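J.: Here it is, the structure in full.
The values are calculated or read from the model by the stated rules, or taken from the named source; none is laboratory data. Please read all numbers here as calculations on a predicted model, not as lab measurements. Note that each Cβ is placed from the backbone with ideal geometry, even for glycine, and that neighbours are counted across all protein chains shown. Each accessible area value is taken on the protein alone, full model and side chains, heavy atoms only, with ligands, DNA and RNA left out. Shrake-Rupley method; radii C 1.70, N 1.55, O 1.52, S 1.80 Å.
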Amino acid sequence: MACSDTEKYSLGGACCDSDYSSCAAAMQKESERERESYLSPTENLSTISIPPDQQGYDVEFDPPLESKYECPICLMGLRSAVQTPCGHRFCQSCITKSIRDTGQKCPVDNEVLLEEQLFPDNFAKREILSLTVRCPNLGCDNKMELRQLEKHLSLCKFATEQCTQCHESVRIIYLDEHKTQHCLKRFMTCPDCAGSFVFADRQIHEQMCPFASTVCDYCGMELIRDQLIVHCDTDCLKAPVACSFSTFGCREKMARNDLAQHMQEFTQMHMRYMAEFLRTQTLNSSLMPPVISPFLPDERNASSRAPEPSQELVSLRETVLELEGRLVRQDQQIRELCIHNETQKTQLTEVRRKLCSLEEATRELEAQQYQGIYVWRLENFSAHLQNQEAGQPVVLHSPPFYTGRPGYKLCLRLHLQTPNAPRCSNYISLFVHTMQGEFDSQLSWPLQGSIRLAVLDQVEGQHHVEVMETKPDLQAFQRPTVQRNPKGFGYVTFLHLQALRQRGFVKEDVLLVRCEVTPHSDASLRREGVQPRGPEPLP
């Protein structure tokens, strides 16, 4: 007798007890036909490879799972749902395990229940597989029917897998990269010794690798670790070593390259240590009891004789004599070196004096070649401007130059006036000074002539030029009595710094100042048609 359709799909229905066996067999065949007819190829149970002892679906349902699809044993979604004759649903593995472990009864109502009485609930199975679930992978927001979950998990880019080396969960798409680049348990090969080690132990290996490059703590030389000890013990000039006389009592330690100097400077102290050591050894030898041989009775009185010096004592005495001779020779060498050093100092002083004289003569010859036209090159001019802006006084003097051969010796003086200077703030002041020269006795004084000063425009050639005539009655043009005449003659407000920045006066951080001096009132100014501006003598 077969059960009716209503009874078969009812949530609470059950077959009659008398003909249950035949009913179950009929329903089993019917369920197989329904599985083939209702499930698509992707819904076939083979696509959801479930171990026979696995519990229900532990996934997040959206919306939440209804209680009628929940297994009363594992409290999760029904997996391979089966129904009992008493009308309750369970996961196939859950109810089978319950019957075998706790007895042949229904866990809900304690009705007698055998494994043979369980039959598949394909209707519930189909309904559960149609429910919407969320992907369990962290970061994935996809939703799909439960039947599609396994296929999605095989393709999900957020799916994780446990690393076989460090057992950390890593996204599958990054697993290979993790194993080769980020895993703390990955194996590495030392580039120095070619040994293998785990990445987490890298620092330990680097500290112990005998072929790793290291640096000497004393001299900074780079060498392999296996050579470090030998280097410090024998070769390093800055490694600390004990004095060679440490055995005799010297406790000094110094760098290896200072040992020879220490031995020279403290020879007398070492001799005292040696003498004290020998005295102690002599006393110890004299206090030793005599040894009388029992086989020589006729030599009993030999103890009254002085003991023979030991071989060690003889060797020490020879060492002392050798050191005394070395001390005498070193003293003689030191005296000779002192005399030689003094001679070299005297010779060096004389060479320096001659060099300064030659340099001065060279500069004097160069100055005589200018023939009254001199271009002063002021480099690193931006640094001078920064000092001026900071309120620091900037005063610059040019090298000397001559107006001819013979001729007057002159130099230029340039001021960058500070922003708070009265009446001339932010101006370039430019003056000419006379200097003591080689031809002063051959010239007529005071200096008479015209002076042409210019700051050169290095871009457009529009130079800033001022011309002035000398005034014989001023101290600035009298024969100087010191190396450089303290009185100058020129312009306090020669050029404003704002104009300096607006045009191409400064190029590649260089300012060019030109001075042309024509003695004896030459008529060149009239030919050029330049009207001289009134000079401003420096008081």
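J.: Which of the residues belonging to the range 71-109 are surrounded by fewer than 16 Cβ atoms within 10 Å (Cβ to Cβ), in contact with a Leu (Cβ under 9 Å, 6 or more places away or on another chain) and under 22 Å from Met144 (Cα atoms)?
T.: Those that are surrounded by fewer than 16 Cβ atoms within 10 Å (Cβ to Cβ), in contact with a Leu (Cβ under 9 Å, 6 or more places away or on another chain) and under 22 Å from Met144 (Cα atoms): none in the range 71-109.
J.: Also, quick follow-up: Looking at Ser213, Ser310, which one is under 30 Å from Cys190 (Cβ atoms) and modelled with pLDDT under 85?
T.: Ser213
J.: I'm checking my understanding of the structure. Among residues of the range 380-405 that are β-branched (Val, Ile, Thr) and without any contact (Cβ under 8 Å) to a residue 60 or more places away in the chain, which one is most open to solvent (accessible area, probe 1.4 Å)?
T.: Per the criteria, the residue is Val395.
J.: Collect the residues in the range 348-368 that are surrounded by 14 or more Cβ atoms within 10 Å (Cβ to Cβ) and part of a helix (DSSP H, G or I), keeping them in residue-number order.
T.: Passing the criteria: Glu364, Ala367.
J.: When the residues of the range 482-493 are narrowed to those that are in a strand (DSSP E or B) and over 16 Å from Glu516 (Cα atoms), which ends up most open to solvent (accessible area, probe 1.4 Å)?
T.: Across the range 482-493, the extreme among qualifying residues is Arg484.
J.: Within the range 369-379, is there a residue that is outside any strand (DSSP E or B), open to solvent by 20 Å² or more (accessible area, probe 1.4 Å) and touching a His at 6+ places or on another chain (Cβ under 7 Å)?
T.: no
J.: Then there is this: Given the structure, is Ile224 of a type in the set (A, V, I, L, M) and open to solvent by 90 Å² or more (accessible area, probe 1.4 Å)?
T.: So Ile224 fails the test.
J.: So is Met208 surrounded by 12 or more Cβ atoms within 10 Å (Cβ to Cβ) and farther than 30 Å from Lys179 by Cβ or not?
T.: No; evaluated as a whole, the condition is false for this residue.
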